[in-house]
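The values are calculated or read from the model by the stated rules, or taken from the named source; none is laboratory data. These numbers come from a predicted model, not from an experiment. Glycine also receives a Cβ, built like all others from the backbone with ideal geometry; neighbour counts cover every protein chain displayed.
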Amino acid sequence: MQAAGVKPDFHTHCMFLDGLCKNGHVDPALQLLRSMEADGENLYVTMYNIIHNRLCKSGRLDSARLLFNSLSLKRVNPDVATYTTMIKGFYLEDLLEEAKEFFVEMEKNGCLANSITYNVIVKGVLKGGKYDDALVYLEEMDKRGFSLNASNLSILLDLISKKQIGPSLLKIFQKFDPDSRKSKP
């Protein structure tokens with residue numbers, strides 16, 4: 001492409017990075033990103049998010065943290081997708097407290113959580129057995145007008161079917177099924 005005098009644009013770069021990452025070639029994707037940085041290319045948070053996502057999914061949370069921490073040096077502001085990906089990475093590694101701290105930092109830095117962020121958090125705390133925390137986040141979701149996604153509803157139903165229904169889990173279920181509070185004849 002470049003040999004023909006055509007310079008890759010934003011979309012082309014994202015496609016290359018995404019293709020490399022999805023095929024398990026995260027290190028070459030990082031090398032490409034570093035090469036783009038060295039060449040003075042305009043880099044966008046989306047490009048970093050592609051790599052963050054794969055680093056977190058492949059259990060390379062330390063590398064994802066390093067990349068995240070380097071964003072400010074590159075004058076790239078993390079967006080809600082960047083933070084959400086990192087939060088999901090913490091949950092994948094069962095680092096519930098770190099995820100919670102990162103969420104607080106996110107909002108403190110003026111990056112407001114969206115529905116996806118909240119669903120990632122709820123999934124993480126439900127899988128971690130932190131039902132009281134799930135209830136708090138669900139109430140916050142409700143205040144902000146966000147809904148629980150199908151994946152989280154599935155987790156709730158699975159927990160209920162396994163008879164793991166404690167007071168907090170019951171409150172969560174009642175929140176989404178108000179009819180369950182009514183007495184049945």
Exercise for review: Report yes if SER147 is assigned to a loop (DSSP other than H, G, I, E, B), at pLDDT below 95 and either more than 17 Å from LYS57 (Cα to Cα) or not hydroxyl-bearing (Ser, Thr, Tyr) (or both), otherwise no.
Suggested key: yes
Exercise for review: Return a yes/no flag: does the range 58-65 have any residue that is surrounded by fewer than 15 Cβ atoms within 10 Å (Cβ to Cβ) and in contact with a Pro (Cβ under 9 Å, 6 or more places away or on another chain).
Suggested key: no
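Kindly indicate the residue of the range 83-116 that is polar (S, T, N, Q) and out of contact with any Phe, Trp or Tyr (no Cβ under 7 Å at 6 or more places or on another chain) and also nearest to ALA38 (Cα to Cα) among those meeting that condition.
Within the range 83-116, the match that is nearest to ALA38 (Cα to Cα) is THR85.
Residues of the range 65-94 being assigned to a loop (DSSP other than H, G, I, E, B) and either under 21 Å from ASN42 (Cβ atoms) or modelled with pLDDT of 95 or more (or both), which ones?
Just the residues of the range 65-94 that are assigned to a loop (DSSP other than H, G, I, E, B), to begin with: 71, 75-79, 93-94.
Listed by number, the residues that qualify are LEU71, ARG75, VAL76, ASN77, PRO78, ASP79.
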**Study point:** Out of PRO8, PRO28, sole residue that is farther than 17 Å from THR82 by Cβ and at pLDDT 95 or above
**Key:** PRO28
Practice item. State whether the residues of the range 100-114 include one that is touching a Leu at 6+ places or on another chain (Cβ under 9 Å), among the aliphatic types (A, V, I, L, M), part of a helix (DSSP H, G or I) and not assigned by TED's automatic domain parsing to the domain that holds ASP62. Key: no
